[in-house]
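*Asks:* Starting off with a structure, shown below.
The values are calculated or read from the model by the stated rules, or taken from the named source; none is laboratory data. Remember, predicted model here, so these are calculated numbers, not experimental data. Every residue, glycine among them, receives a Cβ derived from its backbone with ideal geometry; neighbour counts consider all protein chains shown. For accessibility, only protein heavy atoms count, side chains too; no ligands or nucleic acids. Shrake-Rupley method; radii C 1.70, N 1.55, O 1.52, S 1.80 Å.
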Amino acid sequence: MAVTILGIESSCDDTSAAIVSDGILLSNVIASQQVHEEYGGVVPELASRAHQQNIVPVVDAAIRRAGISKADLSAIAFTRGPGLIGSLLVGTSFAKGLSLGLRIPIVDVNHLHGHVLSHFVRQSPDDRVPEFPFLCLLISGGNSQLIMVRSYNDMEILGRTIDDAAGEAFDKCAKVMGLPYPGGPHIDRLAAEGDPTRFRFAKPHIPGLDYSFSGLKTSFLYTLRDGLKTDPDFIERNRADLAASLQATIIAILLDKLEKAVRQTGVRTVAIGGGVSANSGVRNAVAAFCEKHGLEAFIPERKFTTDNAAMVAIAGYFKYLDGKFCEYDKAPYARVEI
Ligand code: KG4
């Protein structure tokens with residue numbers, strides 16, 4: 001009989017449900033929350049309430065679009081953390097209730113594992129997946145990590161950010177330029193028309209494989225401050241060049257440690273994941289880096305870069321195959337490492 005997993009993701013501001021059957025994705029439904037836009041960031045209480053409204057229709061749609069019925073499900077996988085605790089509670093409680101009703105087990109998923117394992121979401125049996133071991137550069141709004149992935153359930157963080165994440169560097173710099181939240185995609189769009197060599201921003205000198213983005217943020221602010229002293233329209237006039245130079249610096253910082261990690265570990269396969277892996281410049285730079293060094297690159301489809309339940313369902317599928325189920329007394333957690 002097929003192993004069919006319902007995945008549920010509710011860690012931040014996307015309510016998502018997906019069905020994976022024998023490792024193949026049958027459906028992936030995402031309801032994004034617009035309610036946060038006017039606040040310039042995610043408001044946790046509003047996120048929880050929106051999840052509460054969305055979860056039943058989203059799960060229902062995922063099951064319908066997959067062409068299955070609830071009786072076909074083998075288990076329910078849900079994101080247990082890290083994330084916003086109120087949001088996680090909605091998905092966790094829903095998964096527990098549904099599993100009791102259907103008399104099937106639950107599998108808890110670490111959201112970060114989900115991002116790494118999104119490369120194993122196959123839409124057809126012929127889809128290419130990475131071979132172990134591989135390095136994953138996980139870059140999102142909350143994390144910037146270099147992860148050694150030895151198997152589906154064996155991962156080690158080799159480097160992490162000691163301050164801001166790459167996504168925060170994009171978003172915070174975009175905010176001072178007056179761009180809407182989240183600023184990452186806006187910087188990406190503007191950067192395409194700008195000169196990446198026009199401005200120079202500070203790059204960190206952190207030993208080992210750890211990242212730092214706070215110095216870059218400060219030097220970006222100084223550039224704006226100095227520019228505005230002589231020209232009140234400095235930001236407006238230089239939008240594209242500022243965006244392109246900022247993006248180029250973030251990419252240089254990311255690639256520097258990635259190259260170091262590849263040299264240290266000798267891996268032959270590199271993957272990227274998380275919201276920032278949607279960035280065109282990052283995608284091109286990682287692809288070019290891998291090509292230059294004869295490495296195999298895994299760059300996710302854009303729809304799998306941001307939060308989605310397909311990655312939760314596939315991570316749950318591999319845990320299910322390993323017999324790793326979750327007890328009902330387990331609560332969600334706001335913070336955790338891999
Ligand atoms: O993984 P994700 O959806 O969730 C969080 O960790 O919150 O990542 C969101 C982050 C935000 O910082 C957003 O600005 C960034 O991903 N992002 C981008 C792009 N698309 C999303 N950053 C740069 N370029 C993009 N195209």
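*Asks:* So for region 149-157 (the condition being closer than 30 Å to residue 221 by Cβ and either under 17 Å from the mean Cα position of the chain (by Cα) or not basic (Lys, Arg) (or both)), does at least one residue qualify? Walk me through it before giving the result.
*Replies:* First, pick out the residues of region 149-157 that are closer than 30 Å to residue 221 by Cβ: 157.
Next, only the ones that are either under 17 Å from the mean Cα position of the chain (by Cα) or not basic (Lys, Arg) (or both) stay: 157.
Yes: region 149-157 contains one or more residues that are closer than 30 Å to residue 221 by Cβ and either under 17 Å from the mean Cα position of the chain (by Cα) or not basic (Lys, Arg) (or both).
*Asks:* A follow-up question, please. Any chance region 34-45 includes a residue that's touching a His at 6+ places or on another chain (Cβ under 8 Å), within 16 Å of the ligand (Cβ to nearest atom), part of a loop (DSSP other than H, G, I, E, B) and β-branched (Val, Ile, Thr)? First the steps, then the outcome.
*Replies:* First, the residues of region 34-45 that are touching a His at 6+ places or on another chain (Cβ under 8 Å): 42-43.
The next check asks that each one be within 16 Å of the ligand (Cβ to nearest atom); those that pass are 42-43.
From what's left, part of a loop (DSSP other than H, G, I, E, B): 42-43.
Within this subset, residues satisfying the condition of being β-branched (Val, Ile, Thr) are 42-43.
Among the residues of region 34-45, at least one is touching a His at 6+ places or on another chain (Cβ under 8 Å), within 16 Å of the ligand (Cβ to nearest atom), part of a loop (DSSP other than H, G, I, E, B) and β-branched (Val, Ile, Thr), which makes the answer yes.
*Asks:* List pairs: first residue in region 165-189 and closer than 17 Å to residue 237 by Cβ and at pLDDT 95 or above, second residue in a loop (DSSP other than H, G, I, E, B) and open to solvent by 70 Å² or more (accessible area, probe 1.4 Å) anywhere in the structure, Cβ distance under 6 angstrom, at least six positions apart or on different chains.
*Replies:* none
*Asks:* If you go through region 269-310, how many residues are in contact with a Leu (Cβ under 6 Å, 6 or more places away or on another chain) and within 18 Å of residue 132 (Cα to Cα)?
*Replies:* 3
*Asks:* Do you know which residues across region 195-211 are farther than 17 Å from residue 166 by Cβ and under 23 Å from the mean Cα position of the chain (by Cα)?
*Replies:* Correct list: empty.
*Asks:* Also, quick follow-up: Having 1 or more residues that are hydroxyl-bearing (Ser, Thr, Tyr) and more than 16 Å from the ligand (Cβ to nearest atom) is the bar; report the helices (runs of 4 or more DSSP H) wholly within region 233-338 that clear it.
*Replies:* Numbers: elements: 234-265, 280-292, 309-321.
Fully inside region 233-338 and qualifying: 234-265, 309-321.
For every residue, the table says whether it meets (1) surrounded by fewer than 17 Cβ atoms within 10 Å (Cβ to Cβ); (2) out of contact with any Pro (no Cβ under 8 Å at 6 or more places or on another chain); (3) modelled with pLDDT of 95 or more.
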| site | (1), (2), (3) |
| --- | --- |
| 26 | no, yes, yes |
| 30 | no, yes, yes |
| 42 | no, yes, no |
| 55 | no, yes, yes |
| 58 | no, yes, yes |
| 73 | no, yes, yes |
| 84 | no, no, yes |
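*Asks:* Confirm whether residue 246 is modelled with pLDDT of 95 or more and in contact with a Cys (Cβ under 6 Å, 6 or more places away or on another chain).
*Replies:* On the way: modelled with pLDDT of 95 or more: yes; in contact with a Cys (Cβ under 6 Å, 6 or more places away or on another chain): yes.
Judged against the criteria, residue 246 is a match.
*Asks:* Regarding residue 216, is this residue in a helix (DSSP H, G or I), hydrophobic (A, V, I, L, M, F, W, C), open to solvent by less than 60 Å² (accessible area, probe 1.4 Å) and more than 12 Å from residue 177 (Cα to Cα)?
*Replies:* Details: in a helix (DSSP H, G or I): yes; hydrophobic (A, V, I, L, M, F, W, C): yes; open to solvent by less than 60 Å² (accessible area, probe 1.4 Å): yes; more than 12 Å from residue 177 (Cα to Cα): yes.
In short, yes.
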